[in-house]
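The values are calculated or read from the model by the stated rules, or taken from the named source; none is laboratory data. Since we're looking at a predicted model, the values are computed, not measured. Counting neighbours? That spans all protein chains shown, and the Cβs are built from the backbone with ideal geometry, glycine included.
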Amino acid sequence: IRALPGGTYRAADVLEGDGVTDADIPVEVAVTVDGAAIDVDFAGTADQVDGNLNAPFSVAKSAVYFVVRAVTDPDIPPNHGCYEPVSISAPEGSLLDPRPPAAVVGGNVETSQRVADVTLAALAAAVPDAVPAGGQGTMNNLIIGDRGGEFTYYETIAGGFGGRPTKDGMDGVQVGMTNTLNTPVEALETAYPLRVERYALRPSSGGDGRHRGGLGIERTLTVEADATVSLLTERRRTAPRGLAGGEDGALGENLIDGEAVPAKASVDVAAGTTVSIRTPGGG
């Protein structure tokens, strides 16, 4: 931490509605580096919301710790001593420190992504050689379940990693605060009434620049039983940001039988319906 230049660095971004309303939800951060200490303050972040994007404060802290380790010493074993110099605050009753009975399931998978995004963006001004451009910034949560309770399928879908200071961003990977793996096509089709029609990288979805952003993914499924499709996604109207003059990554898209579906949606579908998720590219 002492190697970081002192000062206060700020960044802001949004989440694209909470599933109850479509209004943008601001996430703001000020990161102050002072000697061997870092203070991360989320004042200005939105109040808690009616939908499920509220993040317990522990989730916000985890995302910040991830970023601090990534830009200082990613190889140091995680331990209490790593985090002792890092102080984190968020307004009580806000998106990042909600009061019960706030819904929080999306906070872990989506809001944590935006916390990491804004903290990295703030520190990019301090250590540009250690911070990538914006990654896909979402886990592209997809749930498909039949109406009789016979099956429920849940997956997260990879996308583009941001362009790095010395090389291109990685294609088709989970970014930031994630720990999920690829679902093999053979396993999916054996266990569920689902058929994978397409699973491919999205050409030209990474932002152009000296080091381009990683490519997103297109995953298209046919649902072979009457079912409900639920989506909890981001970066459908606010693109992953480029850095140092590089271009933004491509927006993600959700399609059901070729028709656009919002970032957060729950739709009843008939057997034979196709669901396409096109994930964002990196900036």
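Given the residues Arg210, Arg164, Arg219, which is the only one that is modelled with pLDDT of 95 or more, under 22 Å from the mean Cα position of the chain (by Cα), closer than 30 Å to Asp75 by Cβ and among the charged types (D, E, K, R)?
Step by step, each of Arg210, Arg164, Arg219 is checked, and only Arg164 is modelled with pLDDT of 95 or more, under 22 Å from the mean Cα position of the chain (by Cα), closer than 30 Å to Asp75 by Cβ and among the charged types (D, E, K, R).
Residues of the stretch 161-194 being among the aliphatic types (A, V, I, L, M), assigned to a helix (DSSP H, G or I) and surrounded by 14 or more Cβ atoms within 10 Å (Cβ to Cβ), which ones? Walk me through how you get there before you give the answer.
As a first pass, look at the stretch 161-194 and keep what is among the aliphatic types (A, V, I, L, M): 170, 173, 175, 177, 181, 185, 187-188, 191, 194.
Adding the requirement that they be assigned to a helix (DSSP H, G or I) leaves 185, 187-188, 191.
Val185, Leu188, listed by residue number.
With crowded, with 16+ Cβ neighbours inside 10 Å, more than 29 Å from Ser62 (Cβ to Cβ) and in contact (Cβ under 8 Å) with a residue 24 or more places away in the chain as the only criterion, which of Glu234, Glu224, Glu197, Glu247 stands out? Walk me through it before giving the result.
Values: Glu234 fails: more than 29 Å from Ser62 (Cβ to Cβ); Glu224 fails: crowded, with 16+ Cβ neighbours inside 10 Å; Glu197 fails: crowded, with 16+ Cβ neighbours inside 10 Å.
Just a single option satisfies the conditions, and that option is Glu247.
Which one of these is among the small types (Gly, Ala, Ser) and either assigned by TED's automatic domain parsing to the domain that holds Gly106 or touching an Asp or Glu at 6+ places or on another chain (Cβ under 8 Å) (or both): Gly163, Gly209? Give the derivation first.
On the way: Gly163 fails: either assigned by TED's automatic domain parsing to the domain that holds Gly106 or touching an Asp or Glu at 6+ places or on another chain (Cβ under 8 Å) (or both).
One residue alone meets the criteria, Gly209.
Among the residues of the stretch 167-189 satisfying the criterion of being hydrophobic (A, V, I, L, M, F, W, C) and farther than 16 Å from Gly216 by Cα, which is modelled with the lowest pLDDT? Don't jump to the end; show me each part of the working.
Pass one, the stretch 167-189, residues hydrophobic (A, V, I, L, M, F, W, C): 170, 173, 175, 177, 181, 185, 187-188.
Next, only the ones that are farther than 16 Å from Gly216 by Cα stay: 177, 185, 187-188.
Details: Met177: 73, Val185: 95, Ala187: 93, Leu188: 95.
Only one residue tops the list, namely Met177.
Rundown of residues vs (1) more than 21 Å from Arg10 (Cα to Cα); (2) buried (at least 22 other Cβ atoms within 10 Å of the Cβ); (3) not assigned by TED's automatic domain parsing to the domain that holds Asn179; (4) not basic (Lys, Arg), yes/no style:
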{"residue": "Asn54", "(1), (2), (3), (4)": "yes, yes, yes, yes"}
{"residue": "Phe57", "(1), (2), (3), (4)": "no, no, yes, yes"}
{"residue": "Pro74", "(1), (2), (3), (4)": "yes, no, yes, yes"}
{"residue": "Pro77", "(1), (2), (3), (4)": "yes, no, yes, yes"}
{"residue": "Arg99", "(1), (2), (3), (4)": "yes, no, yes, no"}
{"residue": "Ala102", "(1), (2), (3), (4)": "yes, no, yes, yes"}
{"residue": "Gly106", "(1), (2), (3), (4)": "yes, yes, yes, yes"}
{"residue": "Ser112", "(1), (2), (3), (4)": "no, yes, yes, yes"}
{"residue": "Ala121", "(1), (2), (3), (4)": "no, yes, yes, yes"}
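Determine if the stretch 140-149 includes at least one residue that is over 30 Å from Ala250 (Cβ atoms) and crowded, with 19+ Cβ neighbours inside 10 Å.
Step one: filter the stretch 140-149 for residues over 30 Å from Ala250 (Cβ atoms), giving 146-149.
Applying the additional criterion that residues be crowded, with 19+ Cβ neighbours inside 10 Å yields none.
No, there is no match, as no residue in the stretch 140-149 is over 30 Å from Ala250 (Cβ atoms) and crowded, with 19+ Cβ neighbours inside 10 Å.
Taking into account only those residues within the stretch 122-158 that are touching an Asp or Glu at 6+ places or on another chain (Cβ under 7 Å) and modelled with pLDDT of 95 or more, which is farthest from Met177 (Cα to Cα)?
Leu142
Here is a list: Asp39, Asp22, Asp47. Which entry is more than 21 Å from Ala121 (Cβ to Cβ), more than 19 Å from the chain's Cα centre (by Cα) and surrounded by fewer than 16 Cβ atoms within 10 Å (Cβ to Cβ)?
Details: Asp39 fails: more than 21 Å from Ala121 (Cβ to Cβ); Asp22 fails: more than 19 Å from the chain's Cα centre (by Cα).
Answer to the check: Asp47.
Which residue pairs have Cβ atoms under 9 Å apart, sit 6 or more places apart or on different chains, and have a first residue in the stretch 78-105 that is β-branched (Val, Ile, Thr) and a second that is part of a loop (DSSP other than H, G, I, E, B) and surrounded by fewer than 18 Cβ atoms within 10 Å (Cβ to Cβ)?
Pairs that qualify, where the first residue is β-branched (Val, Ile, Thr) and the partner is part of a loop (DSSP other than H, G, I, E, B) and surrounded by fewer than 18 Cβ atoms within 10 Å (Cβ to Cβ), are Val86/Ile1; Val104/Pro56.
Based on what the data block shows, is Gly137 crowded, with 20+ Cβ neighbours inside 10 Å, assigned by TED's automatic domain parsing to the domain that holds Ala270 and more than 24 Å from Pro262 (Cβ to Cβ)?
On the way: crowded, with 20+ Cβ neighbours inside 10 Å: yes; assigned by TED's automatic domain parsing to the domain that holds Ala270: yes; more than 24 Å from Pro262 (Cβ to Cβ): no.
Spelling it out, it is not the case that Gly137 is crowded, with 20+ Cβ neighbours inside 10 Å, assigned by TED's automatic domain parsing to the domain that holds Ala270 and more than 24 Å from Pro262 (Cβ to Cβ).
Test Ser94 against the stated conditions and say whether it is within 17 Å of the chain's Cα centre (by Cα) and crowded, with 21+ Cβ neighbours inside 10 Å. Spell out the reasoning first.
Numbers: within 17 Å of the chain's Cα centre (by Cα): no; crowded, with 21+ Cβ neighbours inside 10 Å: yes.
Criteria not met by Ser94.
May I ask you to list the residues in the stretch 250-283 that are more than 18 Å from the chain's Cα centre (by Cα), assigned to a loop (DSSP other than H, G, I, E, B) and surrounded by fewer than 17 Cβ atoms within 10 Å (Cβ to Cβ)? Full working, then the answer.
So in the stretch 250-283, the residues more than 18 Å from the chain's Cα centre (by Cα) come out as 255-261, 266-276.
Now narrow it down to the ones that are assigned to a loop (DSSP other than H, G, I, E, B): 257-258, 261, 270-272.
Passing the criteria: Asp257, Gly258, Ala270, Ala271, Gly272.
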